[in-house]
1. Positive end of the charge dipole of the range B:100-224 (Lys, Arg +1 and Asp, Glu -1 on Cβ, about the Cα centre): tell me which of B:Gly159, B:Gly102, B:Val202 has its Cα farthest that way.
2. For B:Glu82 and B:Asn381 in the same chain, what is the full-extension length gain: residue separation times 0.36 nm, less their Cα-Cα distance, in nm?
3. Can you list which of the GluC sites (Glu not before Pro) found in the range B:202-291 are DSSP loop residues with at most 14 other C-beta atoms within 10 Å?
4. Residue-wise, which Karplus ³J(HN,Hα) couplings in Hz belong to the range B:284-293, taking 6.51 cos²θ - 1.76 cosθ + 1.60, θ = phi - 60°, and x for glycine or proline?
5. Of the cross-linked pairs B:Lys108/B:Lys275; B:Lys12/B:Lys104; B:Lys12/B:Lys79, which ones have a Cα-Cα span greater than 29 Å in the structure shown?
6. Placing +1 on the Cβ of each Lys and Arg and -1 on the Cβ of each Asp and Glu in chain A, which of A:Phe13, A:Gly54, A:Ser90 has its Cα farthest towards the positive end of the resulting dipole?
7. Over the range B:255-392, what is the relative contact order in percent, taking alpha-carbon pairs closer than 8 angstrom and at least six residues apart?
8. Treat the count of other C-beta atoms within 10 Å as a stand-in for reagent exposure and order B:Asp123, B:Asp3 from fewest to most.
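The numbers here are math on the coordinates, done by the rules we state, and not lab data. Nothing here was measured: the structure is a model prediction, and the numbers come from that model. Don't worry about glycine lacking a Cβ; one is built from the backbone with ideal geometry, like all the others, and counts go over all protein chains shown.
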Amino acid sequence: MAQIDVKLTRHLFAFFPQLEGKALQVEADTVAEVVQALDAMAPGIAHYICDERGRLRPHVNAFIDNEMVRDRRALGDGVQVGQTVHILQSLSGG
Amino acid sequence: MADKTLWVATRKGTFRVAKVDGRWQPKLSGHPGVSVNFVARDPNSGRLWALLGHGHWGAKLSISDDDSATWRDNEAQIKFPEGARYLTQDMFEDLDSEHGVGWKLLTKKATVLKLWVIGFGGDGAIHVGTIPGGLFTSRDGGKSFELNLPLWNHESRGGDLFQGDGTGETKWFGTPASEGGEFAPGIHSIVVDPRDPKHLYVAVSTAGVIESLDGGLTWRSRNKGMILDHTPDGEAEWGHDTHFIECCPAAPEHIWQQNHVGVYYSADGAATWRKVSRPEQGVHFGFPVAVDPKDGRRAWLVPGHSDQQRMTIDGGLFVARTDDGGESWQQQRVGLPQQSAYDVVYRHALAAGEGVVAFGSTTGNLYVSEDGGASWQTVGNNLPPIYAVRVG
């Protein structure tokens, strides 16, 4: 599996302070595996990012480097060494 | 008594309200900035449960074992099991239609759209109602929750969709009350008979009142006497827009219901309902109802104008109380604003218990009465929109 850098919106640190300030690196070949690895580090975080069907929540976005993931339903997009996965909140509301 | 506490769920956090130096004072006591749909104490364990709706991050159960000093996500969260599906009506763009839109019946995979209400049984069971209409029960103090399958697979909503396509018909309609406004049916009321924890009622927007006598193994409709005004068959078994139900703890056969089409009262455990609206006295439309803990014939409402005008009547806020099973009503206005007040009080935001009646509005006003509603004290005028008020 590839070593992947992960960057999270700071909003998530309010719920998972143990991740704040850390350089997050996980072993994963897909975005779904990135989320699984995060959940091992911070139990419960997968349910913040995805619903119980494993779909990205409607107001959450995930990017591989600068590209938005294509598979929001199963997060099957592949990731490679040197890439960074960003998990961010969409702007909704004012 | 100094130990009376109100728990107030708001659009922007959980508030604890208690008397300090003789005055009711609200204090932000958890979940700052987070939408809280409901907060209540489990009388069996003393634990506080808050039902959160994070805008981005989904619905979460939050718990506190130290009276709201600290909160944490409950280890077990409410999740629909793999394969859970439901039938629902959805609007779609239909360019061939004169109106540009049509309605179609869809089968959707279930995901929690909202945690709406929590109820506690004398046997320690914890019940949670959701949108879409799921009843989840924990029998291990909250370590795990299970979807009640007999209700989820009920014939009135199309049968067992885990195994196939069911009947393809549902008599449960929706509510737009989910976090994102998605239209789906929801369970907003859970009544557990204090004498028998296997005797349960739930109420659904939009289906009506449903009863189980065997701890949730079987369910039946309890909508006799209720009259629909939004379907051709006014006496249909299903399709009732119950806004909230509550029973009298000391006399549980007395059950009250604020419905979309009026106020109903049952003195026989929901076997039959009697309409007790008095529109000429301003008692008809609204969302909440609270029942006296000891006297099943006494109840409070916070009426609104009507379905079409969901606001106070003529800009004056009042609570309506009956002491005789809805035969007569009195308007309680002392201490409440009577000019330019347009408050709306949601279904969970009126409570009676421990000698207190309290309610909060979507305009952030919170009021308490210690004399059965004869007079009201203002607790706050600038709170966030209030979703629920519970005593205890």
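1. Farthest towards the positive pole: B:Gly102.
2. 103.2 nm
3. Passing sites in the range B:202-291 are B:Glu235.
4. Karplus values, whole Hz, x for Gly and Pro: 7, 8, x, 10, x, 8, 10, 10, 4, x.
5. B:Lys108/B:Lys275; B:Lys12/B:Lys104
6. Of the listed residues, the answer is A:Ser90.
7. Relative contact order, the range B:255-392: 17 percent.
8. B:Asp3, B:Asp123
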